[in-house]
Amino acid sequence: MRRCWIVPSLLRVDDVSVSFGAHRALSDVELSAERGHVTGLIGPNGAGKSTLFDVIGGLRRPSSGSVFLDGEDITRLGPAQRAKRGMARTFQGLELFGRLSVRDNLLVAAELRHSGRDAANMVDGVIERVQLGAYVDRLADSLPTGVGRQVEVARALTTKPDLILLDEPAAGQDADETERFAQILRSVAQDGVAVLLVEHDMELVMGVCDEVHVLDLGTIIMSGPPETVRQNTAVLDAYLGTA
Ligand SMILES: Nc1ncnc2c1ncn2[C@@H]1O[C@H](COP(=O)(O)OP(=O)(O)OP(=O)(O)O)[C@@H](O)[C@H]1O
């Protein structure tokens, strides 16, 4: 008899709702992210993307619904416990230690999961991968915004995550930096990491994502491959402005 194994999604958001008083910011949201894929989350300002990231990252408890990581219900775990289980996140605002060098910013994160020479080796590998060699000794607060965002992604990678949540990582990057960044995201995913990306840069989203979820007024209105999302008239009208 042939056995058929169903591999669970690395991340599964199940029927999540969040209310702020009378305001329902998320309604029955379903979403998943797979290892080896870049998954996009798009939607206009106020759609609920950051609220959903906060629920996934453990900064906000949902009013109802659950979050699963690798099959485990993590809804009640805080951010630190989720980090220990392999989740990393970047934020919309730069959260680097401004008076530390790029290398030391990465070392601080690497030492959370590795010690001594292993941490240093991990940092060297990530610096090479994210192509930050020219900046290693620069103080973080002297960096252009676009490079700072790349350092944030690099810092998240030094924890060797299984799932990485990226909140508008391309903001402040110029066209060349964004193109290079897209290649880095693809190579990270190819290593088996699940990448979940909130991003307003549609060219990047459509070029790099394997699937895209569209959030509008707290509800997922469409999920599918970028070419399908791109052709959906409602999405084109409302979010891409190209219909
Ligand atoms: N702490 C809060 N208290 C009350 N309402 C909130 C709070 N945080 C968010 N909201 C509301 O919830 C809705 C979703 O906001 P959220 O910031 O998640 O949207 P977003 O898609 O991330 O927007 P943007 O693209 O501008 O970052 C908005 O109507 C917002 O005003």
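The values are calculated or read from the model by the stated rules, or taken from the named source; none is laboratory data. Keep in mind that this is a model prediction, so the values were computed, not measured. Don't worry about glycine lacking a Cβ; one is built from the backbone with ideal geometry, like all the others, and counts go over all protein chains shown.
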If you check ASN121 against the conditions, is it outside the structural domain of THR39 (by TED's automatic domain parsing), surrounded by fewer than 16 Cβ atoms within 10 Å (Cβ to Cβ) and not charged (D, E, K, R)?
yes
Within the range 205-214, track down each residue that is within 16 Å of the ligand (Cβ to nearest atom) and in contact with a helix residue (DSSP H, G or I) (Cβ under 6 Å, 6 or more places away or on another chain).
VAL212, VAL214
Would you be able to tell me the number of residues in the range 69-93 that are part of a strand (DSSP E or B) and crowded, with 18+ Cβ neighbours inside 10 Å?
4
Filter the helices (runs of 4 or more DSSP H) completely within the range 112-200 down to those with at least 2 residues that are more than 13 Å from the chain's Cα centre (by Cα) and over 30 Å from LEU215 (Cα atoms).
116-129
What do you reckon, is ARG113 more than 13 Å from the ligand (Cβ to nearest atom) and in the same structural domain as ALA182 (by TED's automatic domain parsing)?
no
Reported set for the range 65-77 where residues are within 16 Å of the ligand (Cβ to nearest atom) and not aliphatic (A, V, I, L, M) is GLY65
Just to check your reading of the model, which residue among ARG35, ARG12, ARG60 is within 11 Å of the ligand (Cβ to nearest atom), basic (Lys, Arg), touching a residue at least 24 places away in the same chain (Cβ under 8 Å) and not assigned by TED's automatic domain parsing to the domain that holds ARG155?
ARG60
Conditions (1) assigned to a strand (DSSP E or B); (2) within 16 Å of the ligand (Cβ to nearest atom); (3) among the small types (Gly, Ala, Ser) -> GLY46 fails only (1)
